[in-house]
Amino acid sequence: MQTRLIYRMPGYLTIGLFIATLVVFNGGSWVFLQLVRESKERDLGQRLLAIGTTASVVIGNENLTLPEATVIENYKELPTYQYLLRLLRAIRVKNDLLNIIVLDAQGRVLADARQKLAVGKAHPTIEIDEVELRQAKHGEPATTPYYHLQEMPHKRAYVPVIAPDGTLLYILRLEASRDYFAELDLLKRYVYWIDGIGSLLLGFIALIFHRIVRRLIRAEETVSRTERLQALGTMAASLAHEIRNPLGIIRASAEEVKTELMKSDPESLSLLDDIIAECDRINHEITLFLQWAPSARPTLPSHRKEAEVQVTSLVDSIRELEKTILNIAERRGVNVEFELTDEELKTKIEPIGLRQALLNLIMNAIEASEKGGVVRVRVMRNRKKTDRANIEIIDYGVGMTRRQLRRALDPFFTTKPKGTGLGLTIASHTIELAGGIMDISSQPGKGTRVTISLPLHPD
């Protein structure tokens, strides 16, 4: 049998490790990108300052002076302005700058290499660079931080132009072109691609890790269960021989009494039939115990082994237990609702073992329910796999914790003060022998659902 319990701890562990690794991986990429950005920013600032310093030396040595643009009407026709404009254009093109502008100490435009700004008026964005402009006025070159304005990257340098006599002539405003930032943008794209591919690889590794952990946990549970089954087998072997002999005497005596009563008191035969049936049931339970003790297994003839497995009606098996179940539930004040299909659903299984397994499971549901609670027993064809039938036993009682759920099928594990811890173990073993699957899901305070899926026997 393939028993599947709702056990999510490996999933939580895998998700936690995946998220932590993803944060570290992407965080490292972000830190790397910031370090590279700062390095590129420093290199760009130094380059702008180097270009501006060289240009200021050239212009300063020329000792070109310009009057106030607002005073002279033909300002742009002055030879000095034309010469300075050609010089600025040459510097801009040679060094691949976005623009180079000559400002006075108040931030007014005296010359624009691209001739887009009105001369004699303050630069429209000069207030943003007020600190750098003030520093240049005091004779110290300065660069602005790298930032985005209207989705465009910006970085500028302000370099004072000093005359041979040491006086401040102008201030050069150099703007880096977008080509300066292309390398950084390309690096960002590479990092994003690497992060994306790395995240997918981490997800794939997390999936493999999750499956490995699940298999390890299942292997550990299998080993633990095997050890407990061996202990159960040892106990079964010792008890079986002590019980079977007197049990056989009881059954034989009942058979003899039944033979005698068939002549004198036929109405009492049903009581003897109950005794014989219970003896067979107990003998069946002993046989199941001995299956866990290979050295103590009884050597049954092959025809006897085949006779134990029969084509059994699932609905009839439930109905045979219905009276007993309702009597037990009534004593405990629990309502049992049967939802049985009219369809004939048959499977190949030990009928005594099936009834005992169902009785154990329904008894567990009744005992887990509070007074006035409801237990539902359903039999139906599986909607997805039409060649299988489902038996559901649902209660809304105390439920089980995750730890209890993991150990629910372990022999001798029980949450009941007087329980033996063998009911679910024996039930799961019976379902397994028939090629069935038993699912158990439970939540504390909300109840438990047991779903048995059995292969249908073709008529």
Subject >> Per-residue HN-Hα couplings for region 353-368 [Karplus 6.51, -1.76, 1.60; θ = phi - 60°; Hz; x = Gly/Pro] >> reply: x, 5, 4, 5, 5, 5, 4, 4, 5, 5, 4, 4, 5, 5, 5, 7
Subject >> Amide H within-cut-off set for residue 381, under 5 Å, with H built and near neighbours excluded >> reply: 390
Subject >> Farthest toward positive dipole pole in region 4-177 [+1 Lys/Arg, -1 Asp/Glu at C-beta], among 168, 88, 24 >> reply: 24
Original post:
If r is the Cβ-Cβ distance from residue 255 to residue 384 and R0 is 56 Å, what FRET efficiency results, to the nearest 0.05?
Top reply: 0.75
Original post:
Could you give me the ³J(HN,Hα) list for region 100-109, computed from phi with Karplus coefficients 6.51, -1.76, 1.60 and θ = phi - 60°, whole Hz, x at Gly and Pro?
Top reply: 9, 10, 9, 10, 8, 5, 8, x, 7, 7
**OP:** Once you have the Cα-Cα distance between residue 339 and residue 130, take 0.36 nm times their residue separation minus that, and quote the gain in nm to one decimal.
**Re:** 66.9 nm
**OP:** Tabulate in residue order the Karplus-calculated ³J(HN,Hα) for region 194-202, using 6.51 cos²θ - 1.76 cosθ + 1.60 with θ = phi - 60°, rounded to whole Hz; enter x for Gly and Pro.
**Re:** 5, 4, x, 5, x, 5, 5, 5, 4
**OP:** Taking the Cβ of each residue in 155, 348 as the centre, tally the other Cβ atoms inside 10 Å and list the residues starting with the fewest.
**Re:** 348, 155
Original post:
Which part of region 84-124 falls in the paramagnetic zone of residue 77, meaning amide N under 14 Å from the point 7 Å along Cα-to-beta-carbon?
Top reply: none
**OP:** Normalising by the residue count of region 4-177, find the relative contact order in percent from Cα pairs under 8 Å and 6+ residues apart.
**Re:** 23
Subject >> Fewest-first sequence of 456, 172, 326 by Cβ atoms within 10 Å of each Cβ >> reply: 326, 456, 172
Original post:
Where does each of 156, 376, 42 land when they are ranked from fewest to most other beta-carbon atoms within 10 angstrom?
Top reply: 42, 376, 156
**OP:** Report, for region 304-455, the % of DSSP beta bridges that are antiparallel, rounded to 5.
**Re:** 80
Original post:
Roughly how many nanometres apart are two label points built 7 Å out from the Cα toward the Cβ at residue 34 and residue 187?
Top reply: 1.5
Subject >> For region 75-146: relative contact order, % (alpha-carbon pairs under 8 angstrom, 6 or more apart) >> reply: 19
Original post:
Hey, what's the Cα Rg ratio for region 304-455 versus the globular rule of thumb, 2.2 N^0.38 Å?
Top reply: 1.01
Subject >> Among the listed pairs 137/188; 323/348; 258/348; 323/384; 116/188; 348/371, those beyond 27 Å (Cα-Cα) >> reply: 137/188; 258/348; 323/384; 116/188; 348/371
**OP:** Please work out the FRET efficiency for the pair residue 281 and residue 148, using the Cβ-Cβ distance as r and a Förster radius of 56 Å; give the result to the nearest 0.05.
**Re:** 0.10
Original post:
In nm, what is the difference between 0.36 nm times the number of residues separating residue 24 and residue 138 and their Cα-Cα distance?
Top reply: 36.5 nm
**OP:** May I ask you to derive the relative contact order of region 304-455, considering only C-alpha pairs under 8 Å and at least 6 residues apart, and to give it as an integer percent?
**Re:** 24
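Taken together, the values in this text are just the output of simple stated rules run on the coordinates, not laboratory data. Because the structure is a prediction, the values reported are computed rather than measured. Reconstructed Cβ throughout: ideal geometry from the backbone, glycine too, with neighbour counts over all protein chains shown.
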